[in-house]
Structures are given as structure tokens and as C-alpha cells.
Amino acid sequence: MLEIKDGKKILTTPISSEDLADIHAGDIVYLNGSMTTCRDVAHRRLVEEGRELPVNVRDAAIFHAGPIIRPLDNDKFEMVSVGPTTSMRMEKFEYEFVRETGVRIIIGKGGMKENTERACKEFGAIHCVFPAGNAVVAATEVEEIVDAQWRDLGMPETLWHCRVKEFGPLIVSIDTEGRNLFEENKVIFNERKDKAIEEICKHVSFIK
């Protein structure tokens, strides 16, 4: 579901491809509902080893993150810090991951490339960036850790299945049309850089 609240675009799981149709690269959104931390080893297990993900992320979100967790009584946990890790490490797995799991929102840090673009376009998903350096703020937006799977992987790689409230801001970097904000901006920035270098060279051409 997509709703506008106090000027915010808020997506609530379960999310359909139709909910994402009017979400475009560069938009800022927030997330309510189901989000699971999922990074390198979990991607490898699913894609390379063919193991089924023990958490259902269909029409929900994954977060490329290795959190710090505080254990509580009765096998409960508290999120202390959960900052995004570099999404590009998952790039070679993401097409197969999205196809097999049906995940709708991929959250991480930095841009991704062709595999993720293709997945977002074919399967109706988006990739978003959570601002780096705000891991403690992100933890306050986790209402509850509902479940923890693949604990044998250790704290950073465990699948921490969470319920979140207005998790964000999330900057949409790849939309369901496959538009890639990072790649588009690279072209713009390189054009600006070339013009700046040309102008600077006019003033320092005497330097040999």
C-alpha cells in the first residue's frame, strides 16, 4: 500500500508492483511493515547453493545491513544499530534473488548496476539508499525484531526479520522502469567535471 502522510510517501507491506508504479528514481519514500536484513552470505546461500530463504520476503523489503543486536530474555532481541552496507557487493546475485524471493524493496548503500536494474524492471521492484552514518537513527525506526534465522552465520549475516515504522528516508536509486539515479548522475557529473577542467586549464596553462 502507498499513502501520502504529512507530505511523506509511505509504503506499507505487503507491497505490489502497482504500488511502485508512481515511484521514480530520485523520490524519497518511507517503509512500514516487514523488513529483513540480508547481505552477502544469505545471497550466496540462495543463489549459489539453491537454499530456500527461511524468511518470507515476498512483497516486503530486505536491507543490506549488518546490525548490532542486544539479546534480551526469552529469545528476544533489541536493535542497537543498523547501518547500510555497500549494495554493490550483492549486485551479481540480485537478479536471481529478486526472481526467487519476490522481494519488492531492496535497501542499501551506494548504487547498483545492470543485474539489479533488470530485476527491478522485470519483477516490479525498487532499490533504495538509506543515508550512511545514521545507523543508530535507523535502529530507532525498528519497532520489533520478530524473528532471527540462519544464526549460524553470526550477528552481521543473520537474517533479522523486523517490523519497522516509517523507516527512512529512503532515496529511490533504481525504479520499476530500470532507471538508475547513480548512473544518470555519473553522466551529468562527468559533463560538469570536463567543463570545469577545461576552464581551469585556461588559467594554469603556463604551468609545464
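Quick check on the stretch 72-87. Is at least one of its residues touching a residue at least 60 places away in the same chain (Cβ under 8 Å) and within 13 Å of the chain's Cα centre (by Cα)?
So the first thing to find is which residues in the stretch 72-87 are touching a residue at least 60 places away in the same chain (Cβ under 8 Å), and the list is 76-79, 82.
After this cut, where a residue has to be within 13 Å of the chain's Cα centre (by Cα) as well, the list is 82.
The answer is yes, given that some residue of the stretch 72-87 is touching a residue at least 60 places away in the same chain (Cβ under 8 Å) and within 13 Å of the chain's Cα centre (by Cα).
Taking the stretch 97-200 and the strands (runs of 3 or more DSSP E) fully enclosed by it, the elements with 1 or more residues that are open to solvent by 70 Å² or more (accessible area, probe 1.4 Å) and of a type in the set (Val, Ile, Thr) are at 142-149.
Within the set 62, 4, 23, 68, the sole residue that is farther than 22 Å from residue 160 by Cβ and in contact (Cβ under 8 Å) with a residue 40 or more places away in the chain turns out to be 23. Among the residues making up the stretch 115-129, those that are over 14 Å from the mean Cα position of the chain (by Cα) and either among the charged types (D, E, K, R) or closer than 18 Å to residue 28 by Cα (or both) are 118, 121, 122, 124. Taken over the stretch 7-22, the residue count meeting the criterion of being under 29 Å from residue 158 (Cβ atoms) and in contact with a strand residue (DSSP E or B) (Cβ under 6 Å, 6 or more places away or on another chain) is 6. Among the strands (runs of 3 or more DSSP E) confined to the stretch 1-82, the ones with at least 2 residues that are of a type in the set (Ser, Thr, Tyr) and crowded, with 18+ Cβ neighbours inside 10 Å are located at 28-37. Considering the conditions (1) loosely packed, with under 13 Cβ neighbours inside 10 Å; (2) in a helix (DSSP H, G or I), residue 205 is excluded by exactly one of them, (2).
The values are calculated or read from the model by the stated rules, or taken from the named source; none is laboratory data. Keep in mind the model is a prediction, meaning the values are calculated, not measured. Reconstructed Cβ throughout: ideal geometry from the backbone, glycine too, with neighbour counts over all protein chains shown. Just so you know, the surface numbers come from the protein's heavy atoms only, side chains and all, with ligands and any DNA or RNA stripped out. Shrake-Rupley method; radii C 1.70, N 1.55, O 1.52, S 1.80 Å.
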